[in-house]
Each structure stands twice: as structure tokens, then as C-alpha cells.
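Reviewing the structure listed below.
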Amino acid sequence: MQVYYFTEKGYEKLRQEIEALEKYLKNEIAQEIGKAREHGDLRENAEYEAAKNKQANTMAKLGTLQERFQSARVIRKEDLPADIVTLGKTIKIEKVSSGEIISYSILGDGETDIEKGIISYQSPLARGLMKHREGDTVMVQLPRGPEEFKVLKIQYYED
């Protein structure tokens with residue numbers, strides 16, 4: 001079974017998302033199916049078919065989230081070494097080829113937001129930088145090809 005890592009905030013967000021989907025299934029989708037049934041022959045009822053498809057898609061998504069929740073491991077700040085790139089850190093790195101300096105926070109899958117500089121610990125960049133220290137220069141295999149980065153600063157993520 002795969003383990004999914006989350007910060008405490010990400011774990012709580014996942015729990016709330018599961019709760020919201022369960023309510024949605026029990027209330028709104030159940031009502032849609034009930035209304036569609038009232039319209040007669042279910043074999044030729046597009047509204048009923050659409051509601052059942054929505055129910056199936058929502059149940060599939062809920063199942064995936066529940067699996068992640070059951071296999072979740074919450075990472076706390078006190079569990080992490082301060083001087084190494086890990087989940088739960090904000091890092092400042094330099095692209096060696098251009099001198100461009102970028103900051104990213106490395107969090108769990110459900111917490112990513114590239115526009116805010118939050119990447120998944122499973123992303124190629126994060127995986128390539130994991131376990132490195134400030135001052136390390138690292139060749140990371142990215143989808144567009146290898147890129148060299150220098151780790152300038154590592155600190156705990158603060159939201």
C-alpha cells in the first residue's frame with residue numbers, strides 16, 4: 001500500500017474534502033436522481049443517466065481520497081531535520097545555467113499550488129533536491145531535460 005505524506009494542514013484539508021463529497025453524494029446527487037426518476041422511463045431518461053454518471057464519478061473521486069486518507073502519514077515540523085530538503089520545507093534555489101533564483105515550498109499532493117510556489121514532494125524537482133543541504137549543487141532530471149540547481153536556503157514551511 002502506498003503511503004501519502006501530508007502536513008497537518010493538508011491532512012485536515014483532505015478530511016474536509018472527503019466530508020464535503022460524502023454530503024454531496026447523500027444530499028444533492030441523491031435528490032437529482034430522485035427528481036429524474038419522477039420523469040418516467042429510466043431507459044430513455046437523459047437526466048437520470050447524467051445524475052447516475054455524476055454519482056459514479058463522485059464516488060470514484062471519493063474512493064481515491066479515502067484511500068489517500070487511510071494511507072496518510074502526517075509530517076510534523078519536529079519530525080524533520082532542519083538542514084535537509086524534505087517535505088514541509090521552503091527552499092530557495094538557483095538555476096545554475098541562468099542564475100535565476102526561485103523559491104518553492106514542498107508539500108503534500110493535495111496542497112500544491114504552483115502559482116503560490118507550492119510543489120508536491122513527488123514532483124521531479126522536489127524528488128531531485130530531497131536530502132540535499134544548503135550549498136549543494138544538484139543535477140535534477142526534469143521532464144524537459146536535466147537542469148542543475150544550487151540549494152541556497154532551507155527553512156521550515158510557514159503558511
**Message:** I'd like the distance separating the alpha-carbon centroids of the stretch 111-138 and the stretch 47-83, in whole Å.
**Reply:** 22
**Around residue 20: net Lys/Arg minus Asp/Glu count, Cβ-Cβ under 13 Å** = 0
**Fill in**
Given unit charges at Cβ for Lys, Arg (+) and Asp, Glu (-), the dipole magnitude of the stretch 78-156 about its Cα centre in debye, nearest 20, is 200
**Request:** Order by neighbour count: 103, 123, fewest other Cβ atoms within 10 Å first, most last.
**Result:** 103, 123
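Provide 71, 120 in ascending order of the number of other Cβ atoms located within 10 Å of each residue's Cβ, fewest first. Kindly include the intermediate steps, with their values, before the conclusion.
Numbers: 71 12, 120 19.
Fewest-to-most ranking of 71, 120: 71, 120.
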**Message:** What does the extension gain come out to for residue 133 and residue 53, with contour length at 0.36 nm per residue minus their alpha carbon separation?
**Reply:** 23.9 nm
**Unit charges at the beta carbon, dipole of the chain: most positive-side option, 108, 11, 132** = 132
**Fill in**
Highest GNM mean-square fluctuation among 134, 19, 44, for the chain with Cα springs under 10 Å, belongs to 44
**Request:** Can you put 144, 127 in order of Cβ neighbours within 10 angstrom, beginning with the fewest?
**Result:** 144, 127
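Looking at the stretch 4-74 from every direction and averaging, what is the projected area of its Cα convex hull in nm²? Please list the in-between numbers first.
Values: hull surface 19.0 nm².
Result: 4.7 nm².
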**Asked** Is the shape of the stretch 78-156 best called rounded, prolate or oblate, per the rule: a/c under 1.5 gives rounded, else a/b larger than b/c gives prolate, else oblate, with a ≥ b ≥ c the square roots of the Cα gyration tensor eigenvalues?
**Response** oblate
**Fill in**
Dipole check, the chain, charges on Cβ (K,R +1; D,E -1), about Cα centroid: among 24, 151, 55 the Cα furthest to the positive pole belongs to 151
**Prompt:** What distance in nm separates the simple spin-label points at residue 96 and residue 141, each placed 7 Å from Cα in the Cβ direction?
**Reply:** 1.7
**Fill in**
To the nearest 10 degrees, the tilt of helix 8-24 (Cα long axis) against the first principal axis of the alpha carbons of the chain is 10
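Holding the Cα-Cα limit at 23 Å, pick out from 13/92; 92/131; 13/89; 9/150 the pairs that are longer than that.
Values: 13/92 26 Å; 92/131 15 Å; 13/89 19 Å; 9/150 29 Å.
Violating the 23 Å Cα-Cα cut-off are 13/92; 9/150.
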**Asked** Percent of alpha carbon pairs in the chain separated by more than 18 Å?
**Response** 66
**Request:** Taking the Cα centre of the chain as origin, work out the dipole magnitude from +1 charges on Lys and Arg Cβ and -1 charges on Asp and Glu Cβ, in debye rounded to 20.
**Result:** 300
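Here, each number is a calculation from the coordinates, and none is a lab measurement. Keep in mind that this is a model prediction, so the values were computed, not measured. When we count neighbours, we look across all protein chains shown, and the Cβ atoms used for this are built from the backbone with ideal geometry, even at glycine.
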